Structure formats: structure tokens, C-alpha cells
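What follows draws every value from the coordinates through simple rules; no lab data is involved. Worth saying up front: this structure is predicted, and the values here are computed from it rather than measured. Ideal geometry is used to build each Cβ from the backbone, glycine not excepted, and the neighbour counts take in all protein chains shown.
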Amino acid sequence: MNTDTHAAHADDHHHDEGHAHGSLSTYMLGFVLSVVLTAIPFWLVMSGALPSKQVTALVIMAFAVVQIVVHMIYFLHMNTRSENGWSMMALIFTIVMVVIALSGSLWVMNHLNSNMMPIHQMTGMK
């Protein structure tokens, strides 16, 4: 193998293909954002700052979605340029799955009470 060909081949492996590489500052920013996005919902629940449980649940879910996006950007380095857009497809898929999981969980929890056997019917079964 010619040394020029070998050098060109080696350069091919070291060029940037749009992949975002993290630095200490971006990891620290992601960490700080994650801590803040965890601490605020914790404070909202513990202090009872919001008027109703439904509003609190919606705000916590919004913070959870933002935190997922923060993790995907700062820790998984997903963006529109890397891997010919496949990272964006993964982001869209993740968002769809999170919406399905969150809405399904809320639907199940909301309908648990009506689907459970009332306590007065259970006492009559003796």
C-alpha cells in the first residue's frame, strides 16, 4: 500500500461527520439543567405550590419532557446533522413513545377508581 494512500485512508477515519462531541462544559451544562429540571418539580410537589393535583401532574410531565430532550442533546449528542438525520428520527420516535406512555399512564390512573370494585360492594360479599 502506498504511504499517500494509507495517509488519506487514515484521514478519512478522523474527519468530523457532523457528530457532536461533548466537552466538559457541555456535560456540566447538561448536568446542571438536569438537576434544575429535577429540583423544580420536587419543590412543586413538596411545597404544594400549585392549586390542584392535575395542574401539578401536567407541570411535572412538561418538566419530564424537557429533561428528556436535555438528555438527548447534551448526553446523547443528538442533532439534525449527525448520522444523516437518523438522530432526528430517533428524537421524533422518542417523543412519540413518551407521549404514548405519559398519556396512557394518566388515562389508566384516572380510570382506576371507576374500574375498581367499590368498598360497599366488597362488604356485602361476605
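Observations
- Stretch gain in nm, segment ALA49-LEU24, where the contour uses 0.36 nm per residue and the Cα spacing is subtracted: 5.5 nm
- At full extension, ASN110 and ALA39 could sit 23.0 nm farther apart than now, given 0.36 nm per residue minus the alpha carbon distance.
- With the simple model of a label 7 Å out from the Cα in the direction of the Cβ, VAL98 to ILE68 spans 0.5 nm.
- Convex hull of alpha carbon positions in the range 21-123: directionally averaged projected area 9.2 nm².
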